[in-house]
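The structure under discussion appears below in the form of structure tokens.
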2 protein chains.
Amino acid sequence: MKKVLVFGSTGSIGRSSLDVIRKARADFKVLGLCVNRDIKNLKKQIEEFSPSYVCVVDSGCADKLAASLDKRIKLFRGESGLQEFSSLNSDISIMGISGISCLRPLLINLEHTARIALANKEAIVGAGSFVFMKAKKFGVEIIPVDSEINALFQLVNAIKDDFLKVYITASGGPLLNCKKKDLKDVGVKEVLLHPTWKMGRRITVDSATFVNKAFEVIEVNRFFRIPYERIGVLIHKESAIHALVELKDNNIFACFYPPDMKMPISFALYYPLRSNSLAEKGVRQNFSLSLEPFNYKKHPLFEMVLDAARKDDNSLAILNASDEVAINYFLAGKIKFTHIRKVMEYIFTHYPSQGLKKVEDVFYWDTWARKKTEEYIEKEVHSVLRTNN
Amino acid sequence: MKKVLVFGSTGSIGRSSLDVIRKARADFKVLGLCVNRDIKNLKKQIEEFSPSYVCVVDSGCADKLAASLDKRIKLFRGESGLQEFSSLNSDISIMGISGISCLRPLLINLEHTARIALANKEAIVGAGSFVFMKAKKFGVEIIPVDSEINALFQLVNAIKDDFLKVYITASGGPLLNCKKKDLKDVGVKEVLLHPTWKMGRRITVDSATFVNKAFEVIEVNRFFRIPYERIGVLIHKESAIHALVELKDNNIFACFYPPDMKMPISFALYYPLRSNSLAEKGVRQNFSLSLEPFNYKKHPLFEMVLDAARKDDNSLAILNASDEVAINYFLAGKIKFTHIRKVMEYIFTHYPSQGLKKVEDVFYWDTWARKKTEEYIEKEVHSVLRTNN
């Protein structure tokens, strides 16, 4: 029985992970659950999974939970509590914390686990080299849970041959067919209506701007050391095929599974085995599948993020932070959808390019970019950003 | 440099094989070319590929060729010549002879080659156990060239995990959308208009009746020892995906390549390596792909052939022969398309069920079925089969 820590247990990834574990109680024991603030759902999870440890990052929420918590369960609270929780020894840690705030617990946890099922993109995008260096040093397997990267992991593991190119698919997100001139009037609700995946809010907005797909291309590069020119994107509206590998003789292998995060999570928990605990009877439904070329030119933020990746400096950490801040303003109704791009373009043309020498530099530039982005939006929101474009 | 014998060199598989070899002269040397009657095209191939041996099965045609043949090339003629040709030592033999007449040269050649790239279905369907037993005894690799089986071979080789089920795809053939009541009026031209594959005449008719797909299911069973209940068929009009494997965790791997026999032939020649001699730049075209369930009930010949396969007696050898005879009558305009089914149903309900103890039994029942089928058609053609159903 493997001991599992679930970081972000009440979020989308955390809940799917517990759905998998619920059907596999003989294989996995939930050692610890960690949330930011959602103690209401955490309580239910504690009741069901009886962890030995819980962590609530928001201290106020932690205090509320403490009152009703079974005394046999150890509670960690606040940022320092998260660091202690991350130091617990586990067999597998599921990293479902979103955003760059995953990076610190991830780096600590790498010293205390055998495997990380990693759903977080930002830590890999902003600080991938530090993460993989540490994983190598401590002999930790990092299994990607992000569906496209997970599918590619499955393909690359199976196919030992050289390949010409790998492809990840993009559903196109909620705005695929939205005309450029209509983008400025797109509301929060429309952007959050992702056609195939139910995900967190930020990643859904990132899907609409294709920043998410650029992050995934970076993940592919970092996970598999595949050069950018050999990573393609295909528009695939149905989200059934997640990745394809084209071998040098033009044979193509594809990996399919339903758009349900339980699939890659189950894979990451059981790898190198496979479990039939989720198994359905087979290909029951019809598939109607399309694969279309991705029009890079229509998605300038995709290109911008990859330009940043090729620079190999502090710009990815900065763009990631800037994107998150801009999206929060958009979700709060304070800026328009098209302003996200304007904000990121401004930041990308006004940052001091520097290398990242140590992981602390990532946090430094993250903080710098958040402040700079907020200042820019607050300053411009009454002028440029308020104009009708 | 590998020495290659091409059996059926002027047929569809033979020509595609030589297309592959033409671009890979440094890797393969054409040792011998064998045809039934087409000396016109054989002459061109001799000029281009300078084989050391040629074989012309039709003696009259062989005589015609002899007059103009370079004296340094050894010519084999007739059935006995085919057997001598089959005894030449090669590194790879491409078996592009269609029909059960492939079986004898195949069985001889298994003693004299290291690998057979097998495009012929009938030998496997009618006498698979004899073929695989002999291949095992002589340590010969048989690599399937039939696209679905080849794709499955690629998948099964890559994926070491247990799987729930395998699927081969069917384009549906030329009559997929033809209504049942209209089938009786379908002409030869319509049946030969296959939507995605250019193939020989018999296999194209077999595609329309789904006998071809049943044969492929049998091939899957024989090649990979997969029980029939774990082999599925999916309708896939575009013929881009050839096979899928569903693992026990419901992940699905698929193998794609353009509907061009050069792809599986190149694979079979180079395996376990892969060649980029055919390589194009990547996924250039759009794919619009559909996968739909196969309606077994609509295709009674599919079920009948698989019933025969499950009986494990002489019925497959008989049905194969009967099918070929009926198709020849249909192609000659002497019976209607729907009569193919009537003929096969008659034979399948009027044959003496017996096991196949030795390979000669296959030939015996093949001959028996051809005679019986001809007699039935000739007798019934003026009465039952001429009626309008």
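Coordinate-derived values only; no laboratory data. Just so it is clear, the structure is predicted and the values come from calculations on it, not from any experiment. Note that each Cβ is placed from the backbone with ideal geometry, even for glycine, and that neighbours are counted across all protein chains shown.
Distances from B:Gly139 to the same residue in each other copy, label points 7 Å out along Cα→Cβ, in nm, shortest first?
So the distances to the same position in the other copies read 3.9 nm.
Which percent of Cα-Cα pairs in region A:2-144 sits in each 10 Å bin, short to long?
Answer for region A:2-144: a P(r) of 13, 47, 33, 7, 0 percent.
Can I get the semi-axes of the protein assembly as shown's equivalent ellipsoid? Compute them from the C-alpha gyration tensor as square roots of 5 times the eigenvalues, in angstrom, largest first. Mind dumping the intermediate values first?
Details: eigenvalues 717, 153, 127 Å².
Semi-axes (√(5λ), whole Å): 60, 28, 25.
Over the Cα atoms of region B:312-389, Rg to Rh with Kirkwood Rh, two decimal places? Present the calculation step by step, with values, prior to reporting the outcome.
Numbers: Rg = 12.6 Å, Rh = 12.6 Å.
Here the Rg-to-Rh quotient is 1.00.
Given springs between every Cα pair under 10 Å in a Gaussian network model of chain A, which of A:Ser290, A:Ser86, A:Ser239 has the largest fluctuation?
A:Ser290
If you take every DSSP beta bridge fully contained in the protein assembly as shown, what fraction is antiparallel? Give it as a percent rounded to 5.
Working: 34 of 98 bridges.
Here the share of antiparallel DSSP bridges comes out near 35 percent.
Apply 1/(1 + (r/R0)^6) to the Cβ-Cβ distance of B:Lys136 and A:Leu193, taking R0 = 56 Å, and write down the FRET efficiency to the nearest 0.05.
On the way: r = 58 Å, r/R0 = 1.03.
With R0 = 56 Å, the Cβ-Cβ based efficiency is 0.45.
Per residue of B:157-164, how many C-beta atoms from partner chains lie within 10 Å of its own C-beta, taken as a mean? Could you put the intermediate results ahead of the total?
Details: counts 3, 9, 6, 3, 5, 3, 1, 7.
Taking all residues of B:157-164 together, the mean is 5.
Using a basic spin-label model with each label point 7 Å from the Cα along Cα→Cβ, how many nm lie between A:Asp161 and A:Tyr228?
The two pseudo-label positions are separated by 2.9 nm.
Going 7 Å from the Cα of A:Thr367 along its beta-carbon direction, which residues of region A:90-111 have the amide nitrogen within less than 20 Å of the resulting point?
Answer for region A:90-111: A:99-108.
Using r as the Cβ-Cβ distance of A:Val381 and A:Glu48, and R0 as 56 Å, what FRET efficiency do you calculate, to the nearest 0.05? If you can, show how the numbers build up before the last one.
Working: r = 45 Å, r/R0 = 0.80.
Between A:Val381 and A:Glu48 the formula returns 0.80.
Across peptide A:240-250, what mean number of C-beta atoms from other chains lies inside 10 Å of a residue's C-beta? Show your work: numbers first, answer last.
Values: counts 3, 6, 1, 0, 4, 1, 7, 8, 7, 14, 16.
Partner-chain Cβ atoms within 10 Å, mean over residues of A:240-250: 6.
Most fluctuating residue of B:Asn157, B:Asn314, B:Asn328 in a GNM of chain B with Cα springs under 10 Å: which is it?
Result: B:Asn157 has the largest fluctuation of those listed.
Once you keep just the Cα pairs under 8 angstrom separated by 6 or more residues, what percentage relative contact order results for chain A?
Relative contact order for chain A comes out at 14 percent.
As a quick test, which of the pairs B:Lys44/B:Lys74; B:Lys189/B:Lys371; A:Lys121/A:Lys198 have an alpha carbon distance above 22 angstrom in this structure?
Details: B:Lys44/B:Lys74 16 Å; B:Lys189/B:Lys371 27 Å; A:Lys121/A:Lys198 16 Å.
Over 22 Å apart, Cα to Cα: B:Lys189/B:Lys371.
Please report the antiparallel percentage of the DSSP beta bridges confined to region B:2-145, to the nearest 5.
If I count the DSSP bridges inside region B:2-145, around 0 percent turn out antiparallel.
Can you give the charge dipole size of region A:312-389 about its Cα centre, rounded to the nearest 20 debye, using +1 on the beta carbon of Lys and Arg and -1 on the beta carbon of Asp and Glu? Could you put the intermediate results ahead of the total?
Details: 11 positive and 12 negative charges, 65 e Å.
About 320 debye.
Positive end of the dipole of chain B, charges at C-beta (+1 Lys, Arg; -1 Asp, Glu), about the Cα centre: which of B:Asn177, B:Ala26, B:Gly14 has its Cα farthest in that direction?
The residue sitting most towards the positive pole is B:Ala26.
Suppose you put the label 7 Å out from Cα in the Cβ direction; list, shortest first and in nm with one decimal, how far B:Glu84 is from each other copy's label.
9.1
Within region A:112-156, what residues put their amide N at less than 18 Å from the label point 7 Å along the Cα-to-Cβ vector of A:Lys311?
A:125-129
When the helix-only estimate is applied to chain B (DSSP H runs of n ≥ 4, each -39,500 (n - 2.57), divided by the residue count), what is the mean residue ellipticity at 222 nm, nearest 500 deg cm²/dmol?
On the way: 15 runs with 177 residues, N = 389.
Result for chain B, helices only: -14000 deg cm²/dmol.
Report the residue, chosen from B:Ser80, B:Ser52, B:Ser16, that carries the largest GNM mean-square fluctuation when chain B is represented by alpha-carbon nodes joined by springs under 10 Å.
Result: B:Ser80 has the largest fluctuation of those listed.
Percent of Cα-Cα pairs more than 36 Å apart in chain B, please.
23 percent
Among B:Pro352, B:Ile377, B:Tyr364, whose Cα projects farthest towards the positive end of the dipole of region B:312-389, with charges put on the beta-carbon of Lys, Arg (+1) and Asp, Glu (-1)?
Ranked along the dipole, the leading option is B:Ile377.
With charges set only on the Cβ (+1 for Lys and Arg, -1 for Asp and Glu), what does the dipole of chain B come to about its Cα centre, in debye to the nearest 20? Provide the component values of the computation, followed by the final result.
Numbers: 57 positive and 45 negative charges, 132 e Å.
Roughly 640 debye for chain B.
Could you work out how much longer the chain between A:Leu176 and A:Gln83 gets when fully extended? Use 0.36 nm per residue separation minus the Cα distance between them, nm to one decimal.
Values: separation 93, 0.36 × 93 = 33.48 nm, distance 4.04 nm.
Contour length minus Cα-Cα distance gives 29.4 nm.
How about region A:47-124: which chymotrypsin sites (Phe, Trp or Tyr not before Pro) there lie in a loop by DSSP and see at most 13 other Cβ atoms within 10 Å? If you can, show how the numbers build up before the last one.
Numbers: sites: A:Phe49, A:Tyr53, A:Phe76, A:Phe85; in loops: none.
Sparse-neighbourhood loop chymotrypsin sites (Phe, Trp or Tyr not before Pro): none present.
Any chance you could run the full-extension gain for A:Ala114 through A:Lys23? It's 0.36 nm times the residue separation minus the Cα-Cα distance, nm to one decimal.
Values: separation 91, 0.36 × 91 = 32.76 nm, distance 2.22 nm.
The A:Ala114-A:Lys23 span can extend by a further 30.5 nm.
Sorting check: for A:105-115, A:342-352, which peptide has the highest mean count of neighbouring beta carbons within 10 Å, and how do the rest follow? Before the final figure, lay out the partial values.
Working: A:105-115: 20.2, A:342-352: 17.5.
Ranked by mean Cβ neighbours within 10 Å, highest first: A:105-115, A:342-352.
Shortest first and in nm to one decimal, what separations exist between A:Arg72 and its copies in the other chains, measuring from label points 7 Å along the Cα-to-beta-carbon line?
8.9
Which Cα, out of B:Pro105, A:Val57, B:Phe210, lies furthest along the positive dipole direction of the protein assembly as shown (beta carbon charges, K/R +1, D/E -1)?
Most positive-ward Cα: B:Phe210.
Shielding by partners for A:267-277, please: the mean number of other protein chain Cβ atoms within 10 Å of each residue's Cβ. Numbers along the way, then the final one.
Working: counts 3, 0, 0, 1, 0, 2, 4, 9, 3, 6, 2.
Per residue, the average neighbour count from other chains is 3.
Placing unit charges on C-beta atoms (Lys and Arg positive, Asp and Glu negative, everything else neutral), compute the dipole magnitude of the protein assembly as shown about its Cα centre in debye, rounded to 20. Don't jump to the answer; show the numbers that get you there.
Working: 114 positive and 90 negative charges, 62 e Å.
Dipole of the protein assembly as shown, to the nearest 20 debye: 300 debye.
Modelled label-to-label distance, A:Leu273 and A:Gln354, 7 Å Cα→beta-carbon offset: nm?
The two pseudo-label positions are separated by 4.9 nm.
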